[in-house]
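Just below is one structure, and these are the notes that go with it.
The values are calculated or read from the model by the stated rules, or taken from the named source; none is laboratory data. What you see is a predicted model; the values in this text were computed from it and never measured. As a convention, Cβ positions derive from the backbone with ideal geometry for all residues, glycine included, and neighbour counts pool all protein chains shown. Heads up: the accessible areas ignore ligands, DNA and RNA and are worked out on the full protein's heavy atoms, side chains in. Shrake-Rupley method; radii C 1.70, N 1.55, O 1.52, S 1.80 Å.
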Amino acid sequence: MQSPEKTNPYLSVRALSAYLKRKFEADPHLARVFVTGEISNLKNRRSAHLYFSLKDPDGQAVINATMWGSVAGKLAFRPEEGMKVNAIGRIQLYEPSGSYSLIIERLEPDGEGALYKALEQLKVKLRAEGLFDLPKQAMPRFPQKIAVVTSPTGAVIEDIARTVARRYPIAQVILYPAKVQGEGAAQQVIQQLQTIDAADFDVVIVGRGGGSIEDLWAFNDEQLARQIAAMTTPIISSVGHETDNTIADFVADQRASTPTAAAEMATPITLVQLQTRLTELQMRQQQVMERQLTSAQQRLARVASAVIFQQPDRLYSGYAQQIDVLSERLFGRMEQRLVQQRHLLERLTQRLQQQGRQLLNGPQQKLALLSSQLHLVSPLTTLARGFAIVQDDDAQVIRAASDVQVGQTLHVRLGKGAVIARATEILESENE
């Protein structure tokens with residue numbers, strides 16, 4: 001008979017870790033724990049998850065903590081090293097390493113609300129960037145179109161419209177409705193501001209009534225703050241009551257404590273004030289014109305009573321005498337100048353004639369000599385001595401009898417006149 005097999009009392013590490021994990025998950029006290037501690041060893045990783053430790057202020061105890069990205073992305077503040085926080089989560093065992101950690105589902109600063117902490121952190125960030133110190137735009141003195149971004153059902157738009165209608169009724173108030181509280185409110189306000197800034201508005205008011213910090217939180221949004229700072233249209237922030245302060249108040253061109261105050265800022269001069277001012281200016285202009293007209297009339301009277309207007313011939317009598325004297329002097333000089341020119345012209349003419357005769361004398365003598373020489377060799381002279389020139393019908397000179405044919409017509413030029421002859425016989429020269 002065989003003895004029964006003994007049970008192995010040893011567990012594998014994996015089995016033990018799995019057992020402990022089930023214990024952790026089954027324990028209702030570990031499914032939701034509330035822990036207070038200081039953030040330590042905060043790791044900044046590229047992922048959206050947060051990994052850090054929570055420790056007691058005396059450093060005697062520490063626990064690893066993990067916050068998944070889906071939870072960390074909803075935090076209203078930024079966890080920092082050494083920050084004391086209150087965490088709510090569950091305990092989870094990580095089997096491969098056998099370590100346990102706190103999986104945080106909710107986290108907020110200890111001693112102050114998360115929203116207040118987030119607000120202070122954003123203030124520090126934007127102030128360091130200089131967003132609060134940007135030059136503020138002046139409000140237009142005579143606005144024509146006023147845009148209002150607020151809830152269409154609240155009292156803000158009614159107060160603004162009523163105040164503008166009372167102070168400056170010629171201005172047009174246009175509502176751009178948007179959520180002013182809750183999720184998506186900041187994005188709606190941003191979209192409406194972008195639409196307004198692309199249109200032709202003189203000023204824009206962003207506002208809502210009072211409430212808690214949670215109610216006003218949309219106006220502490222960082223992207224909304226940057227949109228307000230980038231506006232080219234002057235913007236007035238009227239968020240909450242006078243004691244409330246939001247990021248929108250710090251970056252806007254002006255901050256109003258109430259919607260009525262915002263409407264007054266948007267209309268710095270009332271229509272009654274404008275009409276009174278115009279009446280004052282008209283009266284002042286009329287007084288100035290009357291003084292100028294009186295002064296001009298007095299000056300005109302003084303000028304009209306001057307001697308020169310009573311005896312106008314005195315104005316030009318002296319000049320007339322000067323003109324006569326100068327005219328006589330001018331004509332005398334002109335006559336003297338003409339006489340000098342005439343004498344000079346006569347002398348030049350005589351000199352030119354003399355030089356012309358001298359220049360022509362030599363060429364005339366040479367021409368006579370050449371003419372006599374040319375006359376000696378002239379064919380006319382030869383013809384006058386009894387010689388003749390014989391030409392054919394083409395005016396070609398015939399120099400030999402062999403160039404003539406019997407019956408050919410010949411033109412014979414004599415010293416005086418010419419004869420047309422016909423060759424009847426050709427006599428050859430004995431010398432040929």
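Annotations for the structure displayed:
- Using alpha-carbon coordinates, inclination of helix 271-304 to the longest axis of the chain, degrees: 30 degrees
- Percent carbon-and-sulfur accessible area, the stretch 117-178, ignoring ligands, DNA and RNA, probe 1.4 Å: 55 percent
- With the convex hull drawn around the C-alpha atoms of the stretch 145-296, the volume per residue stands at 124 Å³.
- Linear extension gain, Val404 paired with Ser70, 0.36 nm per residue minus alpha-carbon span: 106.2 nm
- Shape category assigned to the stretch 147-220 from the gyration tensor of Cα positions, a/c cut at 1.5: oblate
- Label point distance in nm, Ile88-Arg333, each placed 7 Å from Cα along Cα→Cβ: 11.8 nm
- The phi-based Karplus calculation (6.51 cos²θ - 1.76 cosθ + 1.60; θ = phi - 60°) puts the 3J(HN,Hα) values of the stretch 53-58 at 10, 10, 10, 6, x, 7 Hz, whole numbers, x for Gly and Pro.
- Loop-located GluC sites (Glu not before Pro) in the stretch 1-106 whose Cβ has at most 14 other Cβ within 10 Å (DSSP): Glu5, Glu80, Glu81
- Along the axis of the charge dipole computed for the chain (Cβ charges of +1 for Lys and Arg, -1 for Asp and Glu, origin at the Cα centre), the listed residues Gln311, Leu367, Ala65 are led at the positive end by Gln311.
- Heavy-atom SASA rank of Ile174, Ile228, Ile420 (probe 1.4 Å, accessible area, largest first): Ile420, Ile174, Ile228
- Accessible-area order (highest first, 1.4 angstrom probe) of the listed residues Val303, Val149: Val303, Val149
- Axis angle, to the nearest 10 degrees, between helix 313-376 and the longest C-alpha principal axis of the chain: 50 degrees.
- Over 27 Å apart at the Cα level, from the set Lys43/Lys117; Lys117/Lys179; Lys23/Lys55; Lys21/Lys55; Lys43/Lys74; Lys21/Lys84, are Lys21/Lys84.
- Net charge, Thr258 excluded, C-beta distance under 14 Å - Lys, Arg +1, Asp, Glu -1: -3
- Helix-only arithmetic for the chain: the sum of -39500 (n - 2.57) across DSSP H runs with n ≥ 4, divided by the residue total, places the mean residue ellipticity at 222 nm at -14500 deg cm²/dmol.
- Computed 3J(HN,Hα) for the stretch 180-193, one whole-Hz value per residue from the Karplus formula 6.51 cos²θ - 1.76 cosθ + 1.60 where θ = phi - 60°, is 10, 7, x, 5, x, 5, 4, 5, 5, 5, 4, 4, 5, 5, glycine and proline marked x.
- Calculated SAXS-style log₁₀ I(q)/I(0) at q = 0.13, 0.15, 0.16, 0.25 Å⁻¹ - the stretch 1-86, Debye, Cα scatterers: -0.62, -0.76, -0.83, -1.22
- Note on Leu278: accessible area is roughly 90 Å² with a 1.4 Å probe, heavy atoms of protein only.
- Around the Cα centre of the chain, unit charges on the Cβ atoms of Lys, Arg, Asp and Glu (plus for the first two, minus for the last two) sum to a dipole of about 1340 debye.
- Choice from Leu374, Leu50, Leu330 showing the highest fluctuation, given a GNM over the chain with Cα pairs closer than 10 Å: Leu374
- Amide H within-cut-off set for Leu410, under 5 Å, with H built and near neighbours excluded: Ala421, Arg422, Ala423
- Comparing Ala296, Ala388, Ala320 in a Gaussian network model of the chain (Cα springs below 10 Å), the most mobile by mean-square fluctuation is Ala388.
- Rounded to 10°, Cα long-axis angle of helix 114-129 versus longest principal axis of the chain: 30 degrees
- At 0.692 mPa s and 37 °C, Stokes diffusion of the stretch 225-361 via Kirkwood alpha-carbon radius, µm² per second: 127 µm²/s
- Within the chain, longest stretch clear of exposed trypsin sites (Lys or Arg not before Pro) (DSSP loop, no more than 14 other Cβ within 10 Å): 142-384
- Going through (i) 22.5, 69; (ii) 31.6, 103; (iii) 63.1, 196, the figure that equals Rg and Dmax of the Cα atoms in Å as computed for the structure here is (iii).
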